[in-house]
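A short write-up of the structure that comes next.
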Amino acid sequence: MAADPAGTAEIRGALARLRRMTGLPVAFGGLVEPGRARMRISEFSGATTFALSGLHVISGNGLGGKAVARARPCAVTDYSLSRQISHEYDAVVAEEGLRSVLAIPVVVRRRVRGVLYGALRTAQPLGDRTLNAAVDVARDVEQALVVEDEARGLLADARSRPAPDPAGGPGPGWEQVREAHAALRALAPRIGDPALRAELLEACGLLTPGEAGEQAVLAPRELDVLACVATGATNASAADRLGLRPETVKAYLRSAMRRLGAHTRGEAVAAARRSGLLP
């Protein structure tokens, strides 16, 4: 089975939030195909037919195509009667029974990556409150895609590095390896795509000299904190990087020190490196 395109998991996960935040009964969306001026509707929540499934929406056409072309939200009160859009997709929209529809582009680094739709089966105005709530959901998707892009860049860099040789001891390039390891561990919990998250953690293993079974010595979050500390991060900066409170970082660090039999941060880092848990 082919893997979902990058960003599909984020679009899929956003639809339930969009319905909850806006109160709209139907939500759907999809990604803009790389290098092509069209997006494909692939994800649904609340739909009752397959009419829109797999539909390719050309940039500029219909409501979603208008949102792609203009890179800004669009809405119509009655899709089939609206003079604000073209009507290439009226038949499938009518088959699903949709009337009032909004389309919110997901824009990352000035490029439209996808579109989130919300819809009613009745013709009535969609107010600013509904539109703003939908925009907030799209902004969350945008942030998630930025994190994923960063993760994929780090993943490619990690895979291009030679595996560390524990017998050789620290040498040129080890600090970069350690920073890459800490960055990958910090990003992994924030990734919504489970396949990508697994790839990141696998890459972390490639950057450490220990066996996979040894990872059980520390809980995942304890190892995340210790990986940040090992790069010289303070509790406050580690908290910011990991999306935790400083007090939580302290608690994880104390727990890691206890598990490793260490009395100081430095001893904990050294013990983790000896165990092959950190590069």
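The values are calculated or read from the model by the stated rules, or taken from the named source; none is laboratory data. From a predicted model like this one, the values you see are computed outputs, not experimental measurements. Cβ placement follows ideal geometry from the backbone for every residue including glycine, while neighbour counts extend to all protein chains displayed.
Is one or more of the residues making up the range 34-46 in a loop (DSSP other than H, G, I, E, B), within 17 Å of GLY97 (Cα to Cα) and touching a residue at least 40 places away in the same chain (Cβ under 8 Å)?
There is no residue in the range 34-46 that is in a loop (DSSP other than H, G, I, E, B), within 17 Å of GLY97 (Cα to Cα) and touching a residue at least 40 places away in the same chain (Cβ under 8 Å).
Considering each residue of the range 46-53 in turn, at least one proves to be surrounded by fewer than 21 Cβ atoms within 10 Å (Cβ to Cβ), more than 24 Å from the chain's Cα centre (by Cα) and polar (S, T, N, Q).
Any idea which residue in the range 232-271 is farthest from the chain's Cα centre (by Cα), counting only those that are among the aliphatic types (A, V, I, L, M) and outside any helix (DSSP H, G or I)? Filtering the range 232-271 for residues that are among the aliphatic types (A, V, I, L, M) and outside any helix (DSSP H, G or I), the one farthest from the chain's Cα centre (by Cα) comes out as ALA262. For the residues GLY23, GLY35, the requirement of being in the same structural domain as VAL135 (by TED's automatic domain parsing), surrounded by fewer than 22 Cβ atoms within 10 Å (Cβ to Cβ) and over 18 Å from VAL112 (Cβ atoms) singles out GLY23.
Residue by residue, here is whether (1) touching a residue at least 60 places away in the same chain (Cβ under 8 Å); (2) more than 20 Å from GLY30 (Cα to Cα); (3) touching a strand residue (DSSP E or B) at 6+ places or on another chain (Cβ under 8 Å) holds:
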position: TYR79; (1), (2), (3): no, no, yes
position: VAL92; (1), (2), (3): no, no, no
position: LEU116; (1), (2), (3): yes, no, yes
position: ARG121; (1), (2), (3): yes, yes, yes
position: ARG139; (1), (2), (3): no, no, no
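Scanning the range 2-32 for residues that are among the acidic types (Asp, Glu) and touching a strand residue (DSSP E or B) at 6+ places or on another chain (Cβ under 6 Å) returns no hits. The set of residues from the range 48-76 being touching a Ser or Thr at 6+ places or on another chain (Cβ under 8 Å) and of a type in the set (Gly, Ala, Ser) comprises SER53, GLY54, GLY60, GLY62, GLY65, ALA69, ALA75. Which of the numbered conditions does ALA182 fail, given that it passes all the others? Conditions: (1) within 25 Å of PRO5 (Cα to Cα); (2) modelled with pLDDT of 85 or more. Tallying (1) within 25 Å of PRO5 (Cα to Cα); (2) modelled with pLDDT of 85 or more, ALA182 fails exactly one: (1).
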